Structures are given as structure tokens and as C-alpha cells.
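Student: Below are the C-alpha cells for one structure; questions will follow.
Coordinate-derived values only; no laboratory data. Only a predicted model underlies this, so the values are computations on that prediction, with no experimental measurement involved. All Cβ positions, glycine included, derive from the backbone under ideal geometry; neighbour counts span all protein chains shown.
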Amino acid sequence: MEICNNYLNEDSFLKIAHKYVDVFKNSEVALWGKGKQINVLLKYCKDLNIKYIIDKNAALSGKTKICNKEFDVFSPQKLLQDKDKGIKIIVMLAGSDYEDISEELFKMGFNNNDFCCAYDYVVAYNIINNNKLVVPNLELIVTTVCTLKCKNCIAKIPYFDKSKIFHRPFEKLKTEIDNIFNKFDYIGRFQLATGEVLLHPELPKIIEYVALNYKDKYDHFTFVTNGTIVPNDEKLSYISKYIDFIQISPYFNEELKGLLKVDKLIEKFKKYQISYLYGHYATGRELPKWNDIGDMVTNQNRSNEENIRIYQKCLMNVCKCISDNLIYPCTAACYSALKGDNCQDTNINNRDFVSVNSTKMDIARYYLKSSNCDFPLICDRCLGIGPTINKILVPAAEQIK
Ligand SMILES: C[S@@+](CC[C@H](N)C(=O)[O-])C[C@H]1O[C@@H](n2cnc3c(N)ncnc32)[C@H](O)[C@@H]1O
Ligand code: SF4
């Protein structure tokens, strides 16, 4: 069941959102998958009647304990047994993983009203029931400085003017962090973004400030590194104390051999007991190929319908990104604004982002893609990420010569 995909005024949004929330609240529910968002769902959608968890991996069947509650874990076959009893399914994965599971559910005879995505559900449930802003994720830009020059960097960092390459100062970030957590009641994954976060000289102050002041307002605090920097002992001890885990990007290109220090980095992470994932955040799979997202400047002149489709299916906009108190649909849109490519375009500026000073309802609707625009205009300048919308694959982290 989708809540998004419409240009809606607030009254019709509320009507649709209430219906969407109630369908799952008033039914027995199975959760498909045990992704990290499950903690947010269990904590912030308390009156859901969760019967069990579905996992395709038969080896995981049995019992599992999450947030001090014990759940039975079954294979998808169990859903067929409970289909006639009206079981509803909340899928704990987003993006193309959600698409894949939707396909399976359709094949099993479930229809669109029988399942939804947890990433949307937690937002809708909390804004409708408690006027709380609870979201799956948010990325805060802390730097545009990087050690590499990836030709197809999603953030276009190698193409920034020198004047726009800098670490955002802690004092400025501090105010923005306060603004974020004064507005958001809970964030599943709070991520520092990038360039290369480990280069930021004030990283210890930033992560300590977030963790000491707002630990109860997020589930996990994390960032991604390209594996070229081995931080000093001061940084490592702060990371160890306050960061929940770090993702090391899986770059294996020959041309990076002299630059990557992943072995040394992992050795240090082990020494400091820092959790890390050497691979993709959601799946742990290697990412040998990237999508080429285009130059983010040239309009593709697609139809509105096609842009809406791209916006709905793009994997990038699963994670919202904030810079200078403005929330953008994705990392690429945020960096495009920082780079200044589209800053003269008042259409884009008036429509594509939402301020952290807006109401909780407006921000929730932005997350649900149900605000007063059916797609951000920047989408027409982007080729998007993900198998269903972009077939142009390029080697990950290929360097500009
Ligand atoms: C912009 S990078 C910044 C973090 C760090 N500098 C790095 O490269 O790991 C954040 C993530 O986006 C991924 N990424 C960058 N460009 C991409 C693209 N065109 N398609 C898919 N993923 C991309 C990187 O592999 C990394 O995991
Ligand atoms: S993708 Fe490459 S250029 Fe872009 S931020 Fe990461 S390492 Fe730097």
C-alpha cells in the first residue's frame, strides 16, 4: 500500500494517511525482514499487533529477541497459511529490496493493500497518531573535502569549485544539530555525510556533541568512509565511544591500490572495538558498479509521469539529506545545491527542499513524498540510482585522470 505518489492538500493527505495507518494498526501484522529499522518500528509504533517475523533465510527460522521482545521467525510460506485470516505485512526494507519483496507478495496472491514499507509507515503512524516526527534516516553534510576524485561521485565532489570545498565548522554544525533534534523526535539512522568525514579536524567535537546531547533521539549514529584515511588515536577513541558503526566503501580498483588503507583501518577499528561493515550498508554485498547519474545540470525533459516514476523508485531518495537547515530529497540533490549548479533556478529553490524550521507535518509529508509537489524538479536533471530506473553502470570509484 502506498501513501505517496499524489499531489495532495492537507485534508486529503490526512484522510489517506489515517486509512493507511489504520489498515495495519487494526490487523495482525507480520514483519518481513529484520533490518535495522525494526528497532524504530518496535519503539515508535507500539500498538501494532505483530505476530511474527518473516525471513527468507530458512536458517534464521525459530525465535529471535529484538528490543527485549521474543518473536517467532518463519519462512514466507507462513504468510500463505495466514492469508485468509487477513494478515498484513510491513516490509522492513526499502528501495529495490522493497520492490523485489513486493513482487514476491504479488506472486503469493497478496494485493497492494496487504503490505507497506516500514520506512513510510513509521513516519505516517507517528505524525498521525502523536504529531511526532519519527523518520528512518537523515544525513547531515559536514564536509565537501575528499581524498579521491571519483569520476561518477554521486555528490560531484571532484567537480566543485575550490571555493566550495571546505569542512563545515563545528560552531555552525552545532546550531544545525540543535535545530534538527529540536524538530525531529526520533531518527533511525543519523549519518554524517561526506566527502571524506574522517578528514574533518573537528570530528571528535561533532560526534561527541551529537551523542552527549541527543543519544536518545536516534537509533544508530554512523558514517561512510572511502578507506583512504587511518584516523589518529584521538579520533579513533571518540569514534569508538560514540559512533555505532562505520561503513567502509568496497573499492577494489587497481588505480586505488596505493591510496587505500583498508587493512590498516580495519586493524585500528578492531583495536578500538569500532563496529564496521566493509560493504554496502543494507546488504553487505560488494558494490563493484555504480550508476552514472548524469551531470545534474542538463534537463532530461521527461514527462511528469516519468519523473514521478523516477522519484518514487530512485534508491537515492530513501535517505534525506540536510545542509544549512534545508532538507533535500537525497544526497545528489543536496550536493547539487551546495555545488551551486541550480541555485539560480527559483523554481527548484521554491519547491525542491523543505526547511527544518517547517512544521513537523510538512517535514513528515516531505518524507512520505506526499507534500505539495509530485516530484522535485531536480529529478529531471538526474538519471537516478537503482536497477529499475537507470541501466547505465560504471565502475565504482573510477578516478578522473
Ligand atoms: C558520496 S560517498 C561519500 C563517502 C566516502 N567518501 C566514500 O566514497 O565512501 C557515499 C556513498 O555513495 C556511494 N556512491 C558514490 N557515488 C555513487 C554512484 N554514482 N552510484 C552509487 N553509489 C555511489 C559510495 O560508494 C559511498 O558508499
Ligand atoms: S564517491 Fe569518491 S569522490 Fe565522492 S565522496 Fe566518495 S571517495 Fe570522494
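Student: How high is the relative contact order of the chain, in percent, counting Cα pairs under 8 Å that sit 6 or more residues apart? Numbers along the way, then the final one.
Tutor: Numbers: 718 pairs, mean separation 74.3, N = 401.
It comes to 19 percent, rounded to a whole number.
Student: Please report the spacing between the Cα centers of the stretch 103-121 and the stretch 49-95 in Å, no decimals.
Tutor: Cα centroid of the stretch 103-121 versus Cα centroid of the stretch 49-95: 13 Å apart.
Student: Which of 18, 220 has the fewest other C-beta atoms within 10 Å, and how do the rest follow up to the most?
Tutor: Least crowded to most crowded, the residues run 18, 220.
Student: Take the cross-link list 15/107; 289/320; 149/268; 43/78; 78/289; 25/83 and give me the ones stretching past 28 Å between alpha-carbons.
Tutor: Working: 15/107 30 Å; 289/320 22 Å; 149/268 25 Å; 43/78 25 Å; 78/289 36 Å; 25/83 17 Å.
Pairs exceeding the cut-off: 15/107; 78/289.
Student: What percentage of all Cα-Cα pairs in the stretch 217-339 are separated by more than 17 Å? Walk me through the numbers on the way to the answer.
Tutor: Numbers: 5149 of 7503 pairs.
Percentage above 17 Å: 69.
Student: In nm, give the distance between the simple-model label positions of residue 264 and residue 241, each being 7 Å from the Cα along the Cα-to-Cβ direction.
Tutor: If labels sit at residue 264 and residue 241, their model points lie 2.5 nm apart.
Student: With each run of n ≥ 4 DSSP H residues scored as -39500 (n - 2.57), what mean residue ellipticity at 222 nm is computed for the chain after dividing by its residue count and rounding to the nearest 500 deg cm²/dmol?
Tutor: Values: 13 runs with 134 residues, N = 401.
So the helix-based figure for the chain works out to -10000 deg cm²/dmol.
Student: When the dipole is taken about the Cα centre of the stretch 10-130, and only Lys, Arg (+1) and Asp, Glu (-1) are charged at their Cβ, what size is it in debye, to the nearest 20? Please report the intermediate quantities before stating the final value.
Tutor: Details: 17 positive and 17 negative charges, 101 e Å.
Magnitude of the dipole: close to 480 debye.
Student: Hey, another quick one. Using the scaling law 2.2 N^0.38 Å as the reference, what is the normalised Cα Rg of the stretch 133-215?
Tutor: Numbers: Rg = 13.7 Å, N = 83, 2.2 N^0.38 = 11.8 Å.
Cα Rg divided by the expected 2.2 N^0.38 Å: 1.16.
Student: At 7 Å along the Cα-to-beta-carbon direction for both residue 351 and residue 278, put a label point, then send me their distance in nm to one decimal.
Tutor: Each label point lies 7 Å from its Cα, and together they span 4.6 nm.
Student: Right, another one. Highest first, please rank the peptides 174-180, 328-334, 146-152 by the mean number of other Cβ atoms sitting within 10 Å of their residues.
Tutor: 328-334, 146-152, 174-180
Student: About the Cα centre of the stretch 211-278, how large is the charge dipole given +1 on each Lys and Arg Cβ and -1 on each Asp and Glu Cβ? Please answer in debye to the nearest 20.
Tutor: About 180 debye.
Student: Given the Cα-Cα distance of residue 172 and residue 83 and 0.36 nm per residue of separation, how much length would full extension add, in nm? Walk me through the intermediate numbers first.
Tutor: On the way: separation 89, 0.36 × 89 = 32.04 nm, distance 5.25 nm.
That works out to 26.8 nm of additional length.
Student: Pull up all non-local amide H partners of residue 245: gap of 5 or more, or a different chain, and H-to-H distance under 5 Å with H placed in the peptide plane.
Tutor: 221, 223
Student: Could you tell me which of rounded, prolate or oblate describes the stretch 172-252, using a ≥ b ≥ c as the square roots of the eigenvalues of the alpha-carbon gyration tensor, with rounded for a/c under 1.5 and, failing that, prolate when a/b is larger than b/c and oblate otherwise? Please list the in-between numbers first.
Tutor: Details: a/c = 1.88, a/b = 1.59, b/c = 1.19.
Here the stretch 172-252 falls in the prolate category.
Student: Same structure, new question: When the dipole is taken about the Cα centre of the chain, and only Lys, Arg (+1) and Asp, Glu (-1) are charged at their Cβ, what size is it in debye, to the nearest 20?
Tutor: On the way: 53 positive and 49 negative charges, 148 e Å.
I would put it at about 700 debye.
Student: How long is the gain from residue 303 to residue 64 if the chain were fully straight, where each residue apart is worth 0.36 nm and the alpha carbon distance is subtracted? Don't skip to the answer; put the middle values down first.
Tutor: Values: separation 239, 0.36 × 239 = 86.04 nm, distance 4.67 nm.
Going from the current span to full extension adds 81.4 nm.
Student: Can you tell me the alpha carbon radius of gyration of the stretch 322-365 divided by the globular rule-of-thumb value 2.2 N^0.38 Å? Can you show the working numbers first?
Tutor: Values: Rg = 10.4 Å, N = 44, 2.2 N^0.38 = 9.3 Å.
Compactness ratio reported: 1.12.
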